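First comes the structure, then the notes that go with it.
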Amino acid sequence: MTTFSDLNLNPKVLKAVAEAGYETPTPIQEGAIPAALEGRDVLGIAQTGTGKTASFTLPMICMLARGRARARMPRSLVLCPTRELAAQVAENFDTYAKHVKLTKALLIGGVSFKEQDALIDKGVDVLIATPGRLLDHFERGKLLLTGVQIMVVDEADRMLDMGFIPDIERIFGLVPFTRQTLFFSATMAPEIERITNTFLSNPARVEVARQATTSDTIEQRLLEFKPTRRDMAAKQKREMLRAAIKAEGEACKNAIIFCNRKVDVDIVAKSLKKHGMNAEPIHGDLDQSHRMRTLDGFRDGTIQFLVASDVAARGLDIPAVSHVVNYDVPSHAEDYIHRIGRTGRAGLKGVAITLAVPSDEKYLTAIESLAEMTIPRAELPWTPEETSSRRPKSDDRDTDADDDKPKRRSRSRRSTSTDDDQATPATATPEAQETDAPTNDGQGRGRSRGGRGRASSGGGRGNTVVGMGDHMPDFIALSFDERRGGPAREDEPETGVDEGSASETPEAEAEAPKPKRRRRKKADPVEAQPDEATTVSDTEQESGEQTAPTDDVDGSNEDAA
């Protein structure tokens, strides 16, 4: 049996490894550490949870034990896809290098630039960074990469998924050509293989397991169910999740629950907390300090259920995770391998449960094709019919207490009217008919005084104007001749009168004032004869009295002006 003492490590490093409780190296460590100590490039391919982090940290500490870094010129560089993974690598360096005088700096987002610049100015032996924050410091002129002797790319396939490959290629162009490169990945996509062929020189390929394989220590289960109704799918899926957790009983000491979307992370965490479960969310939109506190709480046991996006799916070493639940089937088959790899680590047993609905069939097919296995189907701990039988259909809509999404308003604006309003016909009283009688504003536009062109028998909603359905613009009621300025034909009713406002009794028609006709043709103001509706009688002129016109030609009142 091979031990760490057989790998030609520095005695101080061996002491730190022994104090950490490790005696036997994993297969990836046994293959990568000797090649790295010889100064060769290393291409490591292994499934998650096999100890890839120690495969590059231990030889780096041994090779950097001698020498001293200069200001703003780190001696080694470690690139990680996420902040959590970068922080974990930094913790491993602290563990294994506590007997060696090495300095390190952690460059990640969510931390002040000023604090990071202060560390870089002093000179660091190990620089651990995410690609984006590293390039930010370089473009600000605070960092030089010409002194990098060892460069490490961790979780390269995750870099590809997050779109960091252009940044990785740029960083490779900034470091010296004579560097030593250690490249680690769980899967080998064609794009990753292209990068290794371009930037690695005759690497020692260490592949300890077939690509995209799951650990034998993980028991996998698939819960397939069909929601009873489309609008109840999300609620029933959360009930299935709670039923699956309760069915595990005391065996479920803690669990990581993965969702595809950040908004679902918050909703599922809130649902679990409402039902008395100790759960907290973690995703990329949260502050870095909040994310670190949540991870620390999950590690020390104060948080039992960690609801996470794929930010926690890669590289995080959280010991003794008993269960992993895929609330959503991952859209990328490789993500399934990484998610369930959070459990069953270091030889421990673990359980991976996946919830699937009929729309996830194509994703399941891709996962089973990649892993070359069929995920065992398990018996459902709960059936969706239980919810539909407890509550009538009329009460199902928008009654999910777990969902914190805002309620949607009905698209139909008429849905607020009652059956009585729609069934009861309106009866026009003489007062209402007189009020709704139209007047002429001098331009041929018939306008209702009470309802502005609305029918008085319109559904019993009073004078409320709701959309175009209940309010007709005045110009629509005009005839073609009136729009041109000519009089309406005698054989047809005046269009200035709104049919909906017309009187229903002969007596009311007699009381309602009739609209006046317009001139056939607009004449010149000098030659125009005074209109019958706008002239003042001779009697009024002789008496010297003037009556205010009710309807001006231009629709305005001189007294009002």
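The values are calculated or read from the model by the stated rules, or taken from the named source; none is laboratory data. Everything quoted here is computed from the prediction, not taken from an experiment. Cβ coordinates were reconstructed from backbone atoms using ideal geometry, including for glycine residues, and neighbour counts include every protein chain displayed.
Any residue at all in the range 26-34 that is surrounded by fewer than 18 Cβ atoms within 10 Å (Cβ to Cβ) and over 40 Å from the mean Cα position of the chain (by Cα)?
To start, the set of residues in the range 26-34 that are surrounded by fewer than 18 Cβ atoms within 10 Å (Cβ to Cβ) comprises 27.
Filter again for over 40 Å from the mean Cα position of the chain (by Cα), leaving none.
Looking for residues that are surrounded by fewer than 18 Cβ atoms within 10 Å (Cβ to Cβ) and over 40 Å from the mean Cα position of the chain (by Cα), one finds none in the range 26-34, hence no.
Would you pick out the residues in the range 176-196 that are in contact with a strand residue (DSSP E or B) (Cβ under 7 Å, 6 or more places away or on another chain) and of a type in the set (A, V, I, L, M, F, W, C)? Step through it out loud before you land on a result.
Taking the range 176-196 first, the residues in contact with a strand residue (DSSP E or B) (Cβ under 7 Å, 6 or more places away or on another chain) are 179-185, 188, 192, 196.
Within the range 176-196, L182, F183, F184, M188, I192 qualify.
Tell me, please, whether a residue that is part of a helix (DSSP H, G or I) and of a type outside the set (S, T, Y) can be found in the range 140-148. Break it down stepwise before answering.
Taking the range 140-148 and keeping what is part of a helix (DSSP H, G or I), we get none.
Within the range 140-148, not a single residue is part of a helix (DSSP H, G or I) and of a type outside the set (S, T, Y).
Can you tell me which of G141, G123, G132 is closer than 30 Å to E38 by Cα and of a type in the set (G, A, S)? Don't jump to the end; show me each part of the working.
Working: G141 fails: closer than 30 Å to E38 by Cα; G132 fails: closer than 30 Å to E38 by Cα.
Exactly one of G141, G123, G132 is closer than 30 Å to E38 by Cα and of a type in the set (G, A, S), namely G123.
Residues checked against (1) in a helix (DSSP H, G or I); (2) within 22 Å of K237 (Cα to Cα); (3) polar (S, T, N, Q); (4) without any contact (Cβ under 8 Å) to a residue 24 or more places away in the chain:
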site	(1), (2), (3), (4)
N260	no, yes, yes, no
G276	no, yes, no, yes
P281	no, yes, no, no
D285	no, no, no, yes
L316	no, no, no, no
P319	no, no, no, no
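If the requirement is being surrounded by fewer than 21 Cβ atoms within 10 Å (Cβ to Cβ) and modelled with pLDDT of 90 or more, which of these qualifies: R66, R72? I'd like the intermediate steps shown before the answer.
Numbers: R66 fails: modelled with pLDDT of 90 or more.
Going through R66, R72 in turn, the sole match is R72.
Tally the residues that are more than 24 Å from M188 (Cα to Cα), surrounded by fewer than 23 Cβ atoms within 10 Å (Cβ to Cβ) and either aliphatic (A, V, I, L, M) or not assigned by TED's automatic domain parsing to the domain that holds C252 (or both), restricting the search to the range 324-380.
The qualifying residues number 7.
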